[in-house]
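Asker: For reference, the structure I am asking about is given below.
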Amino acid sequence: MRTLVFFALLFGTFISNAQLIDKGSWYVSLVNSNAAGSYKTYLTDYGKSTSKVGFVAGYLRNPQVKSNINSPIQIGGEFGFMPWGADRVDSYTNGSFENKHQTIWLNFVGRYRPVLGASKINPFFDLFAGPEFLQTKVLEYISEAESRKLYGKTVVTKNYGAGLGAGYKFVKKNGELRYIDLGVYYQYAEKAKIARRNSFRIINGGYLDFDESLVKPTTMQIRLSLTGFL
């Protein structure tokens, strides 16, 4: 009888532990991005804001889930979007025109959480790298409800960096664990030749013309995230 009780307790413990294994995690972030270094100087020189708000969404996988182990390291990827404002387009023809700028990145991410348990305050450290897409387009506004794209170009560069922060634990009514994460990130980007801010113009004959600048769109970021576990 004692043997049966022992194995029942052992099996129950195994099941309980198995339920605590995370397959991975997801996060969505509100990002305040601040231009750094030469990129800040570039935007300032053309009278543009050096701070913008965008978002990030990511998924990370526990690489040891098949071994029934909670790993302090999770790996995966993230999608980021950052609008960098719009410029007026000078035109010698009738019409209303605007030049918009934005950045998108697709990064490989590795996250280290040294505290595996559901602690009240849970620190983390991120490393990331991947392609960054610098996009610009010129729109003509035909009416309040209608516009058409006159020009569009995407320039690809590389970005990489690191971030650190900590999460504050809360548990939903259904028992699901969540963290409110606050982190500080440095996102370094390599040089890229892009359309210069404030340089688009429509000249006689309706031709679109612009100048180019070599920029390094490096930023410092503050991220406020909601993180959940699978």
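The values are calculated or read from the model by the stated rules, or taken from the named source; none is laboratory data. Please read these numbers as outputs of a predicted model, since none were measured by experiment. Here the Cβ positions follow ideal geometry from the backbone for every residue, glycine too, while neighbour counts run over all protein chains shown. Ligands, DNA and RNA are excluded from the accessible area calculation, which covers all protein heavy atoms including side chains. Shrake-Rupley method; radii C 1.70, N 1.55, O 1.52, S 1.80 Å.
Asker: Give me, ordered by chain and number, the residues 5 or more places off residue 132 or on other chains with an amide H under 5 Å from its own placed amide H.
Answerer: 157, 158, 159
Asker: Label-point separation (nm) for residue 38 and residue 149, each offset 7 Å from Cα along Cα-to-Cβ?
Answerer: 2.9 nm
Asker: Quick one: what are the phi-derived ³J(HN,Hα) couplings along the range 198-213, Karplus 6.51/-1.76/1.60 with θ = phi - 60°, whole Hz, x for glycine and proline?
Answerer: Result, rounded to whole Hz: 6, 9, 5, 8, 9, 9, 3, x, x, 7, 8, 10, 7, 9, 10, 9.
Asker: In terms of modelled amide H atoms, which long-range or inter-chain residues lie less than 5 Å from the amide H of residue 85?
Answerer: Result for residue 85 returns 101.
Asker: Would you rank 28, 155 by solvent-accessible area, highest first, keeping every protein chain in place and using a 1.4 Å probe?
Answerer: Numbers: 28 70, 155 25 Å².
The most accessible residue leads, giving 28, 155.
Asker: Could you tell me which of the pairs 48/191; 52/169; 23/158; 66/173; 52/149; 48/158 are separated by over 21 angstrom between their Cα atoms in the structure shown? List each step's numbers first, then the result.
Answerer: Values: 48/191 19 Å; 52/169 28 Å; 23/158 29 Å; 66/173 29 Å; 52/149 24 Å; 48/158 23 Å.
Violating the 21 Å Cα-Cα cut-off are 52/169; 23/158; 66/173; 52/149; 48/158.
Asker: Can you tally the net charge around residue 190? Count Lys and Arg as +1, Asp and Glu as -1, for every other residue whose Cβ sits under 10 Å from the Cβ of residue 190. Intermediate values should be presented prior to the final figure.
Answerer: Numbers: positive: 158, 191, 216; negative: 132.
After counting each charged neighbour, the total is +2.
Asker: Net charge near residue 170: determine it from the other residues with C-beta under 15 Å of the C-beta of residue 170, scoring Lys and Arg +1 and Asp and Glu -1. Before the final figure, lay out the partial values.
Answerer: On the way: positive: 120, 169, 172, 173, 178; negative: 176, 181.
Residues near residue 170 contribute +3 overall.
Asker: Figure the gain on full extension for residue 182 and residue 214 (residue separation times 0.36 nm, minus the Cα-Cα span) and round it to one decimal in nm. Working shown, then result.
Answerer: Values: separation 32, 0.36 × 32 = 11.52 nm, distance 3.25 nm.
That works out to 8.3 nm of additional length.
Asker: Which values of log₁₀ I(q)/I(0), to two decimal places, follow from the Debye formula for the chain at q = 0.11, 0.12, 0.13 Å⁻¹ with a uniform point scatterer at every Cα?
Answerer: Those come out to -0.68, -0.76, -0.84, one per q.
Asker: Which order do you get for 60, 177 if you rank them by accessible area with a 1.4 Å probe, largest at the top?
Answerer: Values: 60 0, 177 45 Å².
Reading off the accessible areas and sorting them downward yields 177, 60.
Asker: Same structure again: Please check: in the Gaussian network model of the chain (C-alpha springs, under 10 Å), which one of 96, 29, 71 has the largest mean-square fluctuation.
Answerer: Looking only at 96, 29, 71, the largest GNM fluctuation is found for 96.
Asker: From the backbone phi of the range 104-112, what are the Karplus-calculated ³J(HN,Hα) couplings (6.51 cos²θ - 1.76 cosθ + 1.60, θ = phi - 60°) in whole Hz, Gly and Pro given as x?
Answerer: 10, 9, 10, 10, 6, 10, x, 10, 10
Asker: Let me ask something else about it. Across the range 35-43, in residue order, what do the Karplus-derived ³J(HN,Hα) couplings come to in whole Hz, using 6.51 cos²θ - 1.76 cosθ + 1.60 with θ = phi - 60° and x for Gly and Pro?
Answerer: 4, 10, x, 5, 5, 5, 4, 4, 5
Asker: Calculate, for residue 59 and residue 135, the FRET efficiency according to 1/(1 + (r/R0)^6) with r their C-beta to C-beta distance and R0 22 Å; round to the nearest 0.05.
Answerer: On the way: r = 24 Å, r/R0 = 1.07.
Once rounded, the FRET efficiency stands at 0.40.
Asker: What is the angle, in °, between the Cα long axis of helix 2-19 and the longest principal axis of the Cα atoms in the chain? Nearest 10 is fine, range 0 to 90.
Answerer: Result, in degrees: 0.
Asker: Continuing with this model, one more query. Taking only Cα atoms and a 10 Å spring cutoff, compute GNM fluctuations for the chain and point out the largest among 173, 153, 191.
Answerer: Among 173, 153, 191, the largest GNM mean-square fluctuation belongs to 173.
Asker: Among 103, 93, 62, flag the residue with its Cα farthest along the positive direction of the charge dipole of the range 46-103, charges on Cβ as +1 for Lys/Arg and -1 for Asp/Glu.
Answerer: Among 103, 93, 62, the one farthest towards the positive end of the dipole of the range 46-103 is 62.
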